[in-house]
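The values are calculated or read from the model by the stated rules, or taken from the named source; none is laboratory data. Remember, predicted model here, so these are calculated numbers, not experimental data. Neighbour counts are summed over all protein chains in view; Cβ atoms, including those assigned to glycine, are modelled from backbone coordinates with ideal geometry.
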Amino acid sequence: MNSKKGVFMLHIGVTGGIGSGKTIFLKVWEEHNVPVVYADDLAKELMVADDALRMEIASQFGAEAYHPDRSLNTSYLAREAFSEGRIDELNKLVHPVVFRELEIRRKKAEYDGALLFAHESALLLSAGSSKMCDIVILLASSAKDRIRRVTGRDKVSSEEVQNRMTRQPDFDKLAARADLVVRNDGTVDDLKRKSEQLLREIEEIAQNTG
């Protein structure tokens, strides 16, 4: 918990499995001017923009990790990481750089006087970044609902979604580590209402802290 000029900023971590609704949940917060960082998007950005990281990835995974125009070859890296069992190797390169940039952005939000700062990560409770957070929110939803959402969103088979789910943490077991669990078992509008209500409650906590 951090302060500047008497204003306390809360760092909120949001996690959950694929298709659990994390992005929809946090887009509501963005609409209310809460600074939000999405870990996967940030990682992809840094894998291109950070020269040292790009060189490390090319060194360990080969020049094929990048296209001739220097953009990320995501299909090749995904195949190497998951099919070849090298995900931990890739994460060891990427995670420290992501954490460093996340801290930079958190400090900027604090300096700018933000009341809340949020970041989303599926690995929040298993990779240690939850230690950075004042409050951790877990989005929970049935496997059936998650598969239905992702097959419709990404135009992939249910088998492919199930494969992705098996590569993610067991969120049922991790739920006890979260401060708040939000059930996403209704409509998109239901989730947006829950998000907005929780945002108001957490903002009130921040305003009354200190």
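Selection of first residues in segment 26-49 that are within 26 Å of Leu199 (Cα to Cα) and in contact (Cβ under 8 Å) with a residue 60 or more places away in the chain and of second residues that are of a type in the set (Ser, Thr, Tyr) and part of a helix (DSSP H, G or I), restricted to Cβ pairs under 8 Å at least 6 apart or on distinct chains, gives the following pairs, ordered by first then second residue: Leu26/Ser195; Val28/Ser195; Trp29/Ser195; Tyr38/Thr23; Ala39/Ser129. Tell me, please, whether a residue that is without any contact (Cβ under 8 Å) to a residue 12 or more places away in the chain, under 27 Å from Ala109 (Cα atoms) and not acidic (Asp, Glu) can be found in segment 60-74. No; the residues of segment 60-74 include none that is without any contact (Cβ under 8 Å) to a residue 12 or more places away in the chain, under 27 Å from Ala109 (Cα atoms) and not acidic (Asp, Glu). Per this entry, Leu26 is not counted among residues that are in a helix (DSSP H, G or I), more than 14 Å from the chain's Cα centre (by Cα), within 30 Å of Asp179 (Cβ to Cβ) and modelled with pLDDT of 95 or more.
Surrounded by 12 or more Cβ atoms within 10 Å (Cβ to Cβ) and either over 17 Å from the mean Cα position of the chain (by Cα) or of a type outside the set (Lys, Arg) (or both): is that true of Lys107 in this structure? It is true that Lys107 is surrounded by 12 or more Cβ atoms within 10 Å (Cβ to Cβ) and either over 17 Å from the mean Cα position of the chain (by Cα) or of a type outside the set (Lys, Arg) (or both). Among the residues of segment 75-106, those that are among the basic types (Lys, Arg), without any contact (Cβ under 8 Å) to a residue 40 or more places away in the chain and farther than 17 Å from Ala52 by Cα comprise Arg79, Arg86. Residue check: is Ala118 within 23 Å of Trp29 (Cβ to Cβ) and either at pLDDT 95 or above or among the hydrophobic types (A, V, I, L, M, F, W, C) (or both)? In short, yes. As for segment 190-200, it holds no residue that is outside any helix (DSSP H, G or I) and farther than 28 Å from Glu56 by Cβ.
Search segment 29-53 for residues being in a loop (DSSP other than H, G, I, E, B) and of a type outside the set (A, V, I, L, M, F, W, C), and hand back the single one that is nearest to Asp189 (Cα to Cα). Step by step, filter segment 29-53, then rank; the result is His32. Residues of segment 57-89 that are surrounded by 17 or more Cβ atoms within 10 Å (Cβ to Cβ), in a helix (DSSP H, G or I) and at pLDDT 95 or above: Ile57, Phe61, Ala65.
Restricting Ala118, Ala175, Ala127 to residues that are surrounded by 13 or more Cβ atoms within 10 Å (Cβ to Cβ) and part of a loop (DSSP other than H, G, I, E, B) narrows the list to Ala127.
Condition check: under 30 Å from Thr166 (Cα atoms) and either outside any helix (DSSP H, G or I) or in contact with a Pro (Cβ under 9 Å, 6 or more places away or on another chain) (or both). Does Val98 satisfy that? Against the criterion (under 30 Å from Thr166 (Cα atoms) and either outside any helix (DSSP H, G or I) or in contact with a Pro (Cβ under 9 Å, 6 or more places away or on another chain) (or both)), Val98 does not qualify. Which one is surrounded by the most Cβ atoms within 10 Å (Cβ to Cβ) among residues in segment 134-168 that are acidic (Asp, Glu) and in contact (Cβ under 8 Å) with a residue 40 or more places away in the chain? Top of the filtered list is Asp134.
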